[in-house]
Amino acid sequence: AQSVTQLDSQVPVFEEAPVELRCNYSSSVSVYLFWYVQYPNQGLQLLLKYLSGSTLVKGINGFEAEFNKSQTSFHLRKPSVHISDTAEYFCAVNTISGYSTLTFGKGTMLLVSP
Amino acid sequence: NAGVTQTPKFQVLKTGQSMTLQCAQDMNHNSMYWYRQDPGMGLRLIYYSASEGTTDKGEVPNGYNVSRLNKREFSLRLESAAPSQTSVYFCASSEVAGDEQFFGPGTRLTVL
């Protein structure tokens, strides 16, 4: 079985500060990993994904994530956040052998204040 | 490309009423999904359809039914709505089961 843990339900940060949103997964086999963003009153949209290759993955809006197999982590980072980054962020996993669905974490609310 | 569309955007029901949430995708995807989103609970999978002609239960299927009408459309039916079904419902699709999913804008449902 696979599972995803997002360690922080809420992360408050000031504008222009760096941020890291943490995601740990549990799986005994190789995985595909995803980060999604949900702006208020909208659906989810893909930020970035790791399928294979380089462990540092760059996404939209200046976000990046690093796959760490030994730590079973896929933390999301941005060096300088904007007010407009205020949103909920979801980490998701699937195994390479392939379940029919993704497993999502419970989400982290990023609150950016001036 | 409209992507994934959902109707209606908002709905208020009384306890015991029935309704169907509609979802359509124009990306020629094989797999489609229904989720509900509640505060502090994240996304919970209700039902999914890995391919046309198949449907499977997810984490929280009780009180719901689904129909994969064709490759494009996947509907979710509440036969007898209950206040516990007050939620935001999202439809999603992916090219193949377990792949990156594309989400609709959601339906906000209130059951009184």
Which condition from (1) more than 14 Å from chain B (Cβ to nearest Cβ); (2) outside any strand (DSSP E or B); (3) without any contact (Cβ under 8 Å) to a residue 24 or more places away in the chain is the one that A:Glu66 breaks? (2)
Could you list all residues from the range A:46-73 that are touching a helix residue (DSSP H, G or I) at 6+ places or on another chain (Cβ under 9 Å) and either surrounded by fewer than 13 Cβ atoms within 10 Å (Cβ to Cβ) or aliphatic (A, V, I, L, M) (or both)? A:Leu46, A:Leu47, A:Leu48
Only one of B:Ser80, B:Ser18, B:Ser87 that is over 15 Å from A:Thr101 (Cβ atoms), in contact with a Gly (Cβ under 6 Å, 6 or more places away or on another chain), among the small types (Gly, Ala, Ser) and in contact (Cβ under 8 Å) with a residue 12 or more places away in the chain: B:Ser80
Taking B:Ser87, is it out of contact with any Phe, Trp or Tyr (no Cβ under 7 Å at 6 or more places or on another chain) and facing another protein chain (nearest Cβ under 10 Å)? no
Residue list for the range B:29-50, filter: in contact (Cβ under 8 Å) with a residue 12 or more places away in the chain and either assigned to a loop (DSSP other than H, G, I, E, B) or more than 10 Å from every other protein chain (Cβ to nearest Cβ) (or both): B:His29, B:Asn30, B:Met32, B:Trp34, B:Arg36, B:Asp38, B:Ile46, B:Tyr47, B:Ala50
Can you tell which of A:Leu110, A:Leu7 is part of a loop (DSSP other than H, G, I, E, B), of a type outside the set (S, T, N, Q) and in contact with a strand residue (DSSP E or B) (Cβ under 9 Å, 6 or more places away or on another chain)? A:Leu7
Output the residues belonging to the range B:92-108 that are more than 9 Å from chain A (Cβ to nearest Cβ) and touching a strand residue (DSSP E or B) at 6+ places or on another chain (Cβ under 6 Å). B:Ser93, B:Thr107
Extreme residue, nearest to the other protein chains (Cβ to nearest Cβ), among residues of the range B:6-24 that are part of a strand (DSSP E or B) and in contact with an Asp or Glu (Cβ under 8 Å, 6 or more places away or on another chain): B:Cys23
Which is away from chain B (no Cβ under 11 Å), assigned to a loop (DSSP other than H, G, I, E, B) and farther than 15 Å from B:Leu43 by Cβ, of A:Ser100, A:Ser28, A:Ser84? A:Ser28
Filter the range B:69-88 down to residues that are under 21 Å from B:Asn30 (Cβ atoms) and crowded, with 21+ Cβ neighbours inside 10 Å and give me whichever is nearest to the chain's Cα centre (by Cα). B:Leu76
In the range B:21-50, which residues are surrounded by 15 or more Cβ atoms within 10 Å (Cβ to Cβ) and among the polar types (S, T, N, Q)? B:Gln22, B:Gln25, B:Asn30, B:Ser31, B:Gln37, B:Ser49
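Taken together, the values in this text are just the output of simple stated rules run on the coordinates, not laboratory data. Given the structure is predicted, the values throughout are model-derived calculations rather than measurements. Reconstructed Cβ throughout: ideal geometry from the backbone, glycine too, with neighbour counts over all protein chains shown.
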